[in-house]
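Some notes on the structure that comes next.
Derivation of every value follows stated rules applied to the coordinates shown; laboratory data play no part. Values in this document were obtained by computation on a predicted structure and should not be read as measured data. Glycine gets a Cβ as well: all are built from the backbone with ideal geometry, and neighbour counts include every protein chain shown.
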Amino acid sequence: MNKTLKSLEELYTKKEYKQVRDRLLSQKSEIDGGVFHYNLGTIYGKLEDYAASRYNLELALKKGFQSSKVYKNLRFVQQKIPVMDIDSSPAWLDKFMSVSANASYDIFLMFSLMLMLTTLFYIKRKVLRSARFIVLFLGISLIPYLSYIFYFSTLKIGVLLNPSSLREGPSKVYEELDTLPAGSKLIFGEENSGWVLIEKPNSFSGWVQMNNIGFIEE
């Protein structure tokens, strides 16, 4: 553990959470991205800012800090946010989109390599002999990798950092459909003059102001 994290741990044990937050933000460049966002998300949770906590914990995962501690803290924070979003939606497609959009490039590449190695194993065992089937299975093995490159890496996924008005169109002149609570995790699409359209879940179809969103990016 480096000196920066050691000093932050000492403040944390003393429950000086605001000092830890301020020190973290001022020393961001000295800490690995995933570790930084995990610690910041944990501190925001202690400060009961659950929207900021969720946003940073989600960023920690996106940046490759795949630790059980992150998932544990994230589950706790999600329980504090009374909202049905892409993680809590009962629709299986929403859940699939959420998991896939959060997965890193390495995971998609790993699945493609596993499928390719399996195909090569069956070729070596002469289970696959037809050139047509060999080409087909090799093509299938590329689907996870290509789906990330051309689709999932382009998705805009984010967390609302503030309560946000959901409107029929990209302006305050449009009718307000609902107010979405801070901490809602959503998939966004088209942008227009500082507003962005919610794509998933479908039940939240409408526009919110972009400055209320923390986008989860690598």
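General remarks:
- Candidate set: segment 161-179, residues that are under 26 Å from the mean Cα position of the chain (by Cα) and of a type in the set (A, V, I, L, M, F, W, C); chosen: the one surrounded by the fewest Cβ atoms within 10 Å (Cβ to Cβ): 177
- Residue 71 being in contact with a strand residue (DSSP E or B) (Cβ under 9 Å, 6 or more places away or on another chain) and at negative phi: no
- Scanning segment 65-118 for residues that are charged (D, E, K, R) and touching a helix residue (DSSP H, G or I) at 6+ places or on another chain (Cβ under 9 Å) turns up 69, 80, 85, 87, 94.
- Residue in segment 133-140 that is buried (at least 16 other Cβ atoms within 10 Å of the Cβ), farther than 25 Å from residue 216 by Cα and of a type in the set (A, V, I, L, M, F, W, C) present: yes
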